[in-house]
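Reading through the structure tokens given below for one structure.
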Amino acid sequence: MSEELLGVRDLKTHFAVRDSSPWFGACRILKAVDGVSFGIGRGKTFGLVGESGCGKTTVGRTILRLYRPAGGEIVFGGTDLAALSEREFFPYRRRMQMIFQDPFTSLDPRQTVGEIIGAPLSIHGLAPTRAARAERVRELVGMVGLRSDHIGRYPHEFSGGQRQRIGIARALASMPEFIVCDEPVSSLDVSIQAQIINLLEEFQERFGLTYLFISHDLSVVRHISHRVGVMYLGVMVETADVDELYGNMLHPYTKSLMSAVPTADPEIAKTRRRIILEGDVPSPLDPPSGCPFRTRCREAEGVCAERNPRLTDVGSGHMVACHKVELQRKTAGETRSPSFEISK
Ligand SMILES: Nc1ncnc2c1ncn2[C@@H]1O[C@H](COP(=O)(O)OP(=O)(O)O)[C@@H](O)[C@H]1O
Ligand code: SF4
Ligand SMILES: [Mg+2]
């Protein structure tokens, strides 16, 4: 693996939320992210998948310190960002950027394209004169496939794909090393999605960018990622290199997610069994005991309600958090103890 640019260790992000009841409006703690760990090599893409509400966006925003972590480490280029004050963190803002899901709401409608893309240049002191700033804006606009005469226009004058190009140009303006791409193509037509993905891949190659690519589209994630993590209810349940994960998925949740992805391969389609994922993700305000997936898992057993399975390496960096997988490994003789009780 290439040098690790980002190492997230046991990351926790908790929100204080008010109970909806007007009479009993007490404050409760919502554990949106509750102990997530993964690493991203420099110049690589880590794909983060999972159903809506499982904490993907919160992970991305916490890494960028848009949310204060409740615990854990965010080691970026050797420095733990979680331990820095706002002032100490400021230089890292230039090095870490975000591309948002919705290009319709993430751009200020009152600013021209030139003002939107030029803002990071001013904030980070990257263009000493107006002429230098205008020149750099022109360059960025060209890089993302827009024209110079677009610079004076406003976001509402553009299509969804063009707006996402403006968002990408804004993210690139400060010459970052790392970008959180939060569902960057989810709101776009399929025909436009490929163009935006190609653009992101081109810039990764050209500038050695490192991406955290968040999506619920498993096909897109497979295409763009080097390594993939699957989240469920605030925790990581499985993570592996992309070919290993898609060829040898082990966690029951990953299997059900993947079984719903259409395949063009008739051989795979013949052998594949669709696993219907019933019900919704439980509320993080009231998570199940033991394994967070147990209320929807067809393979759940008694121990699953008692103990939370720990993310364990089952070989070559393939990590899984499931009692059953652990038991199967043990009975296959990979570990000495025959016990089901592996983790707390
Ligand atoms: N600012 C916030 N305040 C309170 N709860 C939040 C906030 N942001 C997200 N949440 C809650 O945290 C959980 C995870 O949300 P999110 O990270 O947006 O999930 P995803 O991106 O996977 O859809 C959800 O239950 C959501 O309602
Ligand atoms: S630990 Fe149990 S409930 Fe959780 S995924 Fe594995 S088998 Fe299912
Ligand atoms: Mg999200």
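A few comments on the model shown:
- For the chain: relative contact order, % (alpha-carbon pairs under 8 angstrom, 6 or more apart): 19
- Sulfur and carbon atoms: percent of accessible area, the stretch 4-251 [1.4 Å]: 50
- Each Cα pair under 8 Å and six or more residues apart adds its sequence gap; the mean of these over the residue count of the stretch 9-160 is a relative contact order of 18 percent.
- Pairwise FRET efficiency - residue 331 versus residue 26, Cβ, R0 = 41 Å, nearest 0.05: 0.35
- Note on residue 17 and residue 175: their simple-model spin labels are 4.2 nm apart, each label 7 Å out from Cα toward Cβ.
- Distance (nanometres) between label positions extended 7 Å along Cα→Cβ at residue 143 and residue 191: 2.8
- Column: log10 I(q)/I(0), Debye, Cα scatterers of the stretch 4-251, q = 0.09 Å⁻¹: -0.41
- Cα gyration tensor shape for the stretch 68-131, rounded if a/c is under 1.5, else prolate or oblate: oblate
- The stretch 196-255: relative contact order in percent, alpha carbon pairs under 8 Å with at least 6 residues between: 20
- Highest mobility in the GNM of the chain, judged by mean-square fluctuation with C-alpha springs under 10 Å and restricted to 74, 151, 40, is found for 151.
- Anchor residue 12: aspartates and glutamates whose Cα lies under 13 Å away (excluding residues fewer than 8 positions away in-chain): 34, 73
- Counting only DSSP H runs of at least 4 residues, each contributing -39500 (n - 2.57), and dividing by the residue count of the chain, the helix-based mean residue ellipticity at 222 nm comes to -10000 deg cm²/dmol.
- Magnitude of the charge dipole, the chain, Cβ model with Lys/Arg +1 and Asp/Glu -1, debye to 20: 440
- Å² per residue, accessible surface of the stretch 4-251 at 1.4 Å: 44
- Candidates 56, 330, 31, ranked by Gaussian network fluctuation over the chain, Cα under 10 Å, top entry: 330
- Rounded to 10°, Cα long-axis angle of helix 160-173 versus longest principal axis of the chain: 80
The values are calculated or read from the model by the stated rules, or taken from the named source; none is laboratory data. Predicted model only: the values in this text are computed from it and were never measured. Neighbour counts run over all protein chains shown; Cβ positions are idealised from the backbone, glycine included. Keep in mind that these areas ignore ligands, DNA and RNA; they rest on the heavy atoms of the full protein, side chains included. Shrake-Rupley method; radii C 1.70, N 1.55, O 1.52, S 1.80 Å.
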